[in-house]
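Accompanying notes for the structure given below.
The values are calculated or read from the model by the stated rules, or taken from the named source; none is laboratory data. These numbers come from a predicted model, not from an experiment. Note that each Cβ is placed from the backbone with ideal geometry, even for glycine, and that neighbours are counted across all protein chains shown.
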Amino acid sequence: MQVTNRGAKKAFPKEIIYGWAVGDARPDEPAYEHLDKFPHNSILDANSQNLVSQRLTGVHILNAGEWSKICRGNYLWFYCAIIYEDFMEETHSHGFCWRWTNIGMGVAWREDRAPAYNRKT
């Protein structure tokens, strides 16, 4: 995963928590199943195109029949929250959610704006 900062001040990413939801509907609230830490001294410059890469190590084992449903779209959600510190060393988080969806000419990730999954602190 690659992360950038669109804010006005530098951010110091600490960890990412994430999970997947498989099925016709995503749960009302995210259930973060995995956590990966960013490298020490990671910095996201303000309003920059500079990216910080973070390898995600968590896996989700599919049940029988789920792969073919996922390939058709609208059956898989990926959600995460990035935990970071600001320049005052205060901890914040920013959550995101995407749905693997049919876009007419195939499938692609599209933003899902459910408030429970897109929180900022």
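Data table
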item: Any hit, segment 29-47, residues being more than 14 Å from the chain's Cα centre (by Cα), of a type in the set (A, V, I, L, M, F, W, C) and surrounded by fewer than 12 Cβ atoms within 10 Å (Cβ to Cβ); result: no
item: Boolean, Glu15 is in a strand (DSSP E or B) and either out of contact with any Leu (no Cβ under 6 Å at 6 or more places or on another chain) or of a type outside the set (Val, Ile, Thr) (or both); result: yes
item: Number of the exception - Ile70 against (1) under 16 Å from the mean Cα position of the chain (by Cα); (2) under 19 Å from Asp112 (Cβ atoms); result: (1)
item: Test: Glu111 is among the charged types (D, E, K, R), in contact with a Phe, Trp or Tyr (Cβ under 8 Å, 6 or more places away or on another chain), at pLDDT 90 or above and over 21 Å from Asp24 (Cβ atoms); result: no
item: Every residue from segment 93-121 that is in contact (Cβ under 8 Å) with a residue 60 or more places away in the chain and assigned to a strand (DSSP E or B); result: Gly95, Cys97, Arg99
item: Subset of segment 18-44 [touching a helix residue (DSSP H, G or I) at 6+ places or on another chain (Cβ under 8 Å) and assigned to a loop (DSSP other than H, G, I, E, B)]; result: Arg26, Asp28, Glu29, Pro30
item: Among residues of segment 71-91, those that are surrounded by 14 or more Cβ atoms within 10 Å (Cβ to Cβ) and of a type outside the set (S, T, N, Q), counted; result: 12
item: Residue list for segment 1-42, filter: touching a residue at least 60 places away in the same chain (Cβ under 8 Å), under 13 Å from Cys97 (Cα atoms) and among the aromatic types (Phe, Trp, Tyr); result: Tyr18
item: Unmet requirement for Ser68, which otherwise passes all of (1) within 17 Å of Met1 (Cα to Cα); (2) exposed (fewer than 13 other Cβ atoms within 10 Å of the Cβ); (3) of a type in the set (Ser, Thr, Tyr); result: (1)
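Let's see how each residue does on (1) under 27 Å from Lys14 (Cα atoms); (2) modelled with pLDDT of 90 or more; (3) part of a strand (DSSP E or B):
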position: Ala46; (1), (2), (3): yes, no, no
position: Gln49; (1), (2), (3): yes, no, no
position: Gly58; (1), (2), (3): yes, yes, no
position: Ala64; (1), (2), (3): no, yes, no
position: Trp67; (1), (2), (3): no, yes, no
position: Ile70; (1), (2), (3): no, yes, no
position: Ala81; (1), (2), (3): yes, yes, yes
